[in-house]
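Notes to accompany the following structure.
The values are calculated or read from the model by the stated rules, or taken from the named source; none is laboratory data. Please read these numbers as outputs of a predicted model, since none were measured by experiment. Here the Cβ positions follow ideal geometry from the backbone for every residue, glycine too, while neighbour counts run over all protein chains shown. Keep in mind that these areas ignore ligands, DNA and RNA; they rest on the heavy atoms of the full protein, side chains included. Shrake-Rupley method; radii C 1.70, N 1.55, O 1.52, S 1.80 Å.
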Amino acid sequence: MLIGAAAAWPLAARAQQSGPMPLIGYVSSQSQEYDGPRLAALRQSLSEAGYVEGASVAIEYRWAEGNYDRLAAQAAEFVRRRAAVIFAGSLPAALAAKAATATIPIVFVMGADPVKLGVVASLNQPGGNVTGVTQFYGALGGKRLELIRELVPAASIIAVLTNPKNPNSEDHLADVRAAAQAMGQRILVFPVSAESEIAPAFAGLLSQGADAVLVADDPFFSTRRDQIVAQAAGRARPAIYYTREFAEAGGLISYGSNPVDNYRRAGAYVARILKGAAPADLPIEQPTKFELAINLKTAKTLGLTVPLTLQAAADEVIE
C-alpha cells in the first residue's frame, strides 16, 4: 500500500498542476484607480511566493466604487465560481464575503477592529475561514484629532465627516469623541454616504463655523478623494485624512498605516492558503508602520505655519 501510494502521488501532483489555475476573487469597496498601488503590492507578494497572475493563478476583480450594496452580489459570484480564495479589500467587503460563504478562505485588509465587528473570533486565533490584516485606521481617530488641533490650535469647532453606512463609523466616532472630551474640543459630525452629499456637508460645516475637518476612514471617501480634497481647498478648511494618498492629492495632512505594505502582507497570506494553510491558523496581522504626511504647499495656501517639530516627525513632507 505504501509503495502504491508513493507511486501514485507524483501522478496526482502532476494532474493537479495541469488542471485549471486557482482563482482569486478580488472584491473591493473602492475603485480600480484607487486600488492601483495596493494591487501592485499584492501581485508582487503573490509572485514572490510563486503565484504569477495569468501563469499560475487567475485573479478576477470586482469594484464597488464606494457603493456597498454591490458587494453581496460580487462575493456571491465568486462563491458560485468556487474561487480558491476571496480577497476582501475593506470591512464592508469582508462582511459581504463572510455572509456569502463559511468554507471558501477569505483574506481581508480592513481599517476596523475585526474582532469587535464579529469578522473573526480573536486576533491570535481567527477561527473559521477568515483571516487577514487590520490597518488600524479607525483606532487612530483620536490621534488625528490631536494632529489637526496642533496645526489649527485656535479651532473652536472641528467637523468630522463620517459614512454611517460603514459598520465601523460608530467605533471611529467614539474614539474621536473621547479624544475631543479629553482636550476640551468641540466637534460637529456630518454624515456623508453619497457623492451628492459631499458638497452640502462642506457648505454646512462652513456655515456652522467649523475651523477644520477630520475625515473618518472609509472606502467611499477613498473613491471620492479628489472631490473631498477639492471641497476642503475651495472652502479653505484645513483637513486631516487617514492615508497619504489624500496628502499627495493636495490634502493638508494624513496619518495612518502604510496601505501598500498591508496589501503586501495580505498577499503573503493568500499564497500560504493556496499552498494549504488554513485561515483559522493564521493570526490577524497588525500594522508595523504608521505614516505622517504633510503637504507644505497646501499649508502655505491656507496660511498655516507647520511646527518644525511636526515637520521633523513626518515621514513625508510634500513641498
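Observations
- Residue count for region 46-59 under the criterion of being outside any strand (DSSP E or B) and open to solvent by less than 10 Å² (accessible area, probe 1.4 Å): the result is 1.
- Of the candidates Phe87, Phe78, Phe108, the single residue that is aromatic (Phe, Trp, Tyr), in a helix (DSSP H, G or I), buried (at least 24 other Cβ atoms within 10 Å of the Cβ) and in contact with a strand residue (DSSP E or B) (Cβ under 9 Å, 6 or more places away or on another chain) is Phe78.
- Test result for Ser169, open to solvent by less than 20 Å² (accessible area, probe 1.4 Å), small (Gly, Ala, Ser) and closer than 18 Å to Asp218 by Cβ: yes
- Check on Val119, surrounded by 21 or more Cβ atoms within 10 Å (Cβ to Cβ) and part of a loop (DSSP other than H, G, I, E, B): yes
- Flag for Ala203 being among the hydrophobic types (A, V, I, L, M, F, W, C) and either surrounded by 14 or more Cβ atoms within 10 Å (Cβ to Cβ) or not in a helix (DSSP H, G or I) (or both): no
- Search result, residues across region 240-250 that are in contact with a Ser or Thr (Cβ under 7 Å, 6 or more places away or on another chain) and small (Gly, Ala, Ser): Ala247, Gly250
- Every pair of residues 6+ apart whose Cβ atoms lie under 6 Å, when the first sits in region 54-68 and is under 14 Å from Pro20 (Cα atoms) while the second is open to solvent by 50 Å² or more (accessible area, probe 1.4 Å) and modelled with pLDDT of 95 or more: Ile59/Glu53
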